[in-house]
1. Take the chain, connect every pair of alpha-carbon atoms lying under 10 Å apart with a spring to form a Gaussian network, then pick out the residue of GLU12, GLU36, GLU20 with the largest mean-square fluctuation.
2. Only Lys, Arg, Asp and Glu count, each charged at its Cβ (+1, +1, -1, -1), so figure out the dipole size of the chain about its Cα centre, rounded to 20 debye.
3. Give me the angle, in degrees from 0 to 90, between the Cα long axis of helix 3-21 and the longest principal axis of the Cα atoms of the chain, rounded to the nearest 10.
4. What do the square roots of 5 times the Cα gyration tensor eigenvalues come to for the chain, in whole Å, largest first, as semi-axes of the equivalent ellipsoid?
5. Of PRO25, GLY7, GLN53, which is farthest along the charge dipole of the chain in the positive direction, counting Lys and Arg as +1 and Asp and Glu as -1 at C-beta?
6. What are the ³J(HN,Hα) values, in whole Hz, obtained from phi via the Karplus relation 6.51 cos²θ - 1.76 cosθ + 1.60 with θ = phi - 60°, for each residue of the stretch 36-51 in sequence order, with x given for Gly and Pro?
7. How much length would be gained if the chain were fully extended between TRP3 and ASN40, taking 0.36 nm per residue of separation minus their Cα-Cα distance, in nm to one decimal?
8. On a 1.4 Å probe surface of the protein chains, which of LEU43, LEU16 comes out largest in accessible area, and what is the full order?
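The values are calculated or read from the model by the stated rules, or taken from the named source; none is laboratory data. The structure presented is a predicted model; accordingly, all values stated were derived computationally and were not measured. Here Cβ is always computed from backbone atoms with ideal geometry, including for glycine, and neighbour counts include all displayed protein chains. Accessible surface is based on the protein model in full, side chains and every heavy atom, while ligands, DNA and RNA are left aside. Shrake-Rupley method; radii C 1.70, N 1.55, O 1.52, S 1.80 Å.
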Amino acid sequence: MSWEQLGEIAREAAKLADTERSQPPQACPNDGEPLERGKNGVLHCRFDGWTPQ
């Protein structure tokens, strides 16, 4: 593996991380359950009450 290939891997990882940060979470980070919208429209986990900040 060359330095150029390693650099490309790092650039791709940074791009994927930026894409993930720009989208709302789909699942609870504590237990992996899908998030639901409450009556007030806020995403939350129905098992532990986690909400995205």
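1. Judging by the Gaussian network model, the answer is GLU12.
2. Numbers: 6 positive and 9 negative charges, 63 e Å.
With Lys and Arg at +1 and Asp and Glu at -1, about 300 debye.
3. That works out to roughly 20 degrees.
4. Whole-Å semi-axes of the equivalent ellipsoid: 34, 11, 6.
5. Projecting each Cα onto the dipole axis, the largest value belongs to GLN53.
6. Running phi through 6.51 cos²θ - 1.76 cosθ + 1.60 with θ = phi - 60° gives 10, 8, x, 4, 8, x, 8, 5, 7, 8, 6, 8, 10, x, 4, 10 Hz.
7. Length gained, TRP3 through ASN40: 8.3 nm.
8. On the way: LEU43 30, LEU16 100 Å².
From most exposed to least exposed: LEU16, LEU43.
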